[in-house]
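Q: Below is one structure. I have some questions about it.
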Amino acid sequence: MGVLDRYYVYNDTIFGILLHCLKLLNYSIHPPDKLNNKFMGQEQLEDIEVKLLLEGVYRYYGFDFRNYALASIKRRIWNTIHAEGLTTISGLQEKILHSPECMERFLYKLSVNVTSMFRDPSFFLTFRNRVVPILRTYPFIRIWHAGCSTGEEVYSMAILLHEEGLYHRSRLYATDINEMSLRKARTGIFPLESMKEYTQNYLLSGGKKSFSEYYTAAYENAIFSANLKENIIFSQHNLATDHSFNEFNIILCRNVLIYFDKVLQMRVHKLFYESLIRFGILGLGRQESVKFTPHETDYKELENGEKLYRRIH
Ligand SMILES: C[S@@+](CC[C@H](N)C(=O)[O-])C[C@H]1O[C@@H](n2cnc3c(N)ncnc32)[C@H](O)[C@@H]1O
């Protein structure tokens, strides 16, 4: 389902949205006297514009970026402003609210989709050594890749599970907020020029075969074997607003939480905790952790430094 389809037509006029936003900013009965306000600098003005833009996007399109880390989201907003040939955040707001095509481009810019196969190979090595023996004890395995981007991570997992003889009893749910990324992921086609790096990652992660056995080279592309995606279900899911949709043995959400502020991180940690079976495994990115979250004591790190946690309570 694309942005156009997700178009929520509210009865509110744009004016109504702005009024609501002004209320959120406590700018109601006694607005500050800007002309004499020497304390309100450019940066505060920019913060107001960012809040108005994100509120408008949420109210009109239903995509909630209001709790993303501010510094990172500002950078992406400015990238979009330049790419769209505009000069202000308010200008971008107007264009986005009136053009779903511009919204789709904005969405693509906001969702950082950098990824690679067997990213951080030691994570996958630890997964093979420490998690696979646990998985062998389950008759059926459900894995959720939350924030799967263009699919490189979930295809890596499919390869690993094939090699460990577990793929036939696994179901991999690969979700992302970004439909454009999911469309790419479903194809299982990645740039041929990345294969050198991915082969190295694969070998470092304990890969057992020749990596080229998994794909066919065609012009600039590496087309991965169709049997790798037999048990993968790709679907749009928004971690900021959607609920869980199953109970999982494994949840991997790597390099996604770093883009969220504390409030949103806590929401997502709660969602993961509630979606994992007892003794299930949570995998996070290098710079992410369960430390300093309300669920810190509910998990035990599987191996020092690797972001693989076992739910113990
Ligand atoms: C940097 S990529 C991580 C990809 C992969 N997990 C990895 O580690 O290589 C971050 C992904 O998170 C997705 N994302 C951002 N906000 C999201 C949200 N609210 N719900 C679901 N996915 C989100 C982005 O679309 C992007 O594909």
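Q: Among the residues of region 160-209, which ones are under 19 Å from Ser225 (Cβ atoms) and in contact with a Cys (Cβ under 8 Å, 6 or more places away or on another chain)?
A: Listed by number, the residues that qualify are Ala174, Ala185.
Q: Those residues that are among the β-branched types (Val, Ile, Thr) and assigned to a helix (DSSP H, G or I), I need them from region 183-207; list them, please.
A: Residues satisfying the conditions are Thr187, Thr199.
Q: A further question on this structure: Please indicate, with yes or no, whether at least one residue in region 176-189 is modelled with pLDDT under 95, of a type in the set (A, V, I, L, M) and either away from the ligand (no atom under 11 Å from the Cβ) or on the phi < 0 side of the Ramachandran plot (or both).
A: Yes, region 176-189 has at least one match.
Q: Right, Arg171: within 14 Å of the ligand (Cβ to nearest atom) and surrounded by fewer than 18 Cβ atoms within 10 Å (Cβ to Cβ) or not?
A: When the stated conditions are applied, Arg171 does not pass them.
Q: Hey, another quick one. List the strands (runs of 3 or more DSSP E) inside region 208-265, counting only whole elements, that have at least 1 residues being within 16 Å of the ligand (Cβ to nearest atom), hydroxyl-bearing (Ser, Thr, Tyr) and touching a residue at least 12 places away in the same chain (Cβ under 8 Å).
A: In region 208-265, the matching strands (runs of 3 or more DSSP E) lie at 232-236.
Q: Which residues, counting only those in region 152-182, are more than 15 Å from the chain's Cα centre (by Cα), in contact (Cβ under 8 Å) with a residue 40 or more places away in the chain and not in a helix (DSSP H, G or I)?
A: Passing the criteria: Ser170, Arg171, Leu172.
Q: Just one of the numbered conditions (1) out of contact with any strand residue (DSSP E or B) (no Cβ under 8 Å at 6 or more places or on another chain); (2) over 30 Å from Gly62 (Cα atoms); (3) modelled with pLDDT of 95 or more is not true of Tyr219; which one?
A: Failed condition: (3).
Q: Further question on the same structure: Can you tell me which residues in region 276-313 are touching a strand residue (DSSP E or B) at 6+ places or on another chain (Cβ under 7 Å), surrounded by fewer than 18 Cβ atoms within 10 Å (Cβ to Cβ) and assigned to a loop (DSSP other than H, G, I, E, B)? Reasoning before the result, please.
A: As a first pass, look at region 276-313 and keep what is touching a strand residue (DSSP E or B) at 6+ places or on another chain (Cβ under 7 Å): 276-284, 290, 298-302, 307-312.
Those still in the list that are surrounded by fewer than 18 Cβ atoms within 10 Å (Cβ to Cβ) too: 277-279, 300-301, 312.
Across region 276-313, the qualifying residue is only Ile312.
Q: Determine whether region 126-135 contains at least one residue that is within 24 Å of Ser244 (Cβ to Cβ), touching a residue at least 12 places away in the same chain (Cβ under 8 Å), surrounded by fewer than 18 Cβ atoms within 10 Å (Cβ to Cβ) and not assigned by TED's automatic domain parsing to the domain that holds Arg75.
A: Yes; the residues of region 126-135 include at least one that is within 24 Å of Ser244 (Cβ to Cβ), touching a residue at least 12 places away in the same chain (Cβ under 8 Å), surrounded by fewer than 18 Cβ atoms within 10 Å (Cβ to Cβ) and not assigned by TED's automatic domain parsing to the domain that holds Arg75.
The values are calculated or read from the model by the stated rules, or taken from the named source; none is laboratory data. All figures in this text were calculated on a predicted structure; none of them were measured in a lab. No Cβ is skipped: glycine too gets one built from the backbone with ideal geometry, and neighbour counts run over all protein chains shown.
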